[in-house]
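Take a look at the structure below.
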Amino acid sequence: MKILCLSGPNLQLLGTRNPAVYGTTTLDEIHRDLAERASLLGIDFEARQTNHEGVLCDWLAEARLFFDGVLLNGGGLTHTSIALRDAVEAIALPTVEVHVSNPEAREPFRHHSYLSAVCFAKVAGFGPSSYRIALDGLVSHLQRSALASPEREA
């Protein structure tokens, strides 16, 4: 099993950006924690971050060829990018929308997510732990799907 974690604009600033909202844990620390957790679960894991919408869309298109599922924190693009939404829909991989804060408890412009409708789950508001919760949920989902797969019955 291979999981890809993608983080969008400004998430490289976690740890210093508005610590009252996002905490003091850096994205590198989150990625290290996820890699350790993935190793314990016996799965391959890769994490990437970019500030560029098109790069995220390219990585998603590539993911359909090499990964079984995606964790996606689109950052501000969550609320603005139809292109990112369409990329998630197009790859048809189980994708979990992830947020460190709870967007619905923040400014009104953050209350709408273009991603939610094309992701099978959403984890938000648990701080850096949102990523780990999302990883565990995605792995569980993929394991259940594999058990229910017709190929296993053959």
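Observations on the structure shown:
- Tabulated pairs, the range 1-13, first within 16 Å of Arg37 (Cα to Cα), second in a strand (DSSP E or B), C-beta under 6 angstrom, 6+ apart or interchain: Lys2/Asp44; Ile3/Phe45; Ile3/Gly69; Leu4/Glu46; Leu4/Val70; Cys5/Ala47; Cys5/Leu71
- Subset tally (residues that are among the polar types (S, T, N, Q), exposed (fewer than 13 other Cβ atoms within 10 Å of the Cβ) and closer than 24 Å to Thr16 by Cα) for the range 95-145: 0
- Residue in the range 63-82 that is loosely packed, with under 14 Cβ neighbours inside 10 Å, at pLDDT 95 or above and touching a strand residue (DSSP E or B) at 6+ places or on another chain (Cβ under 9 Å) present: yes
- Candidates Ser116, Ser130, Ser101, Ser39 - the one that is small (Gly, Ala, Ser) and closer than 15 Å to Leu6 by Cβ: Ser130
The values are calculated or read from the model by the stated rules, or taken from the named source; none is laboratory data. None of the values given here were measured: they were computed from a predicted structure. Note: ideal-geometry Cβ built from the backbone for every residue, glycine included; neighbour counts use all protein chains shown.
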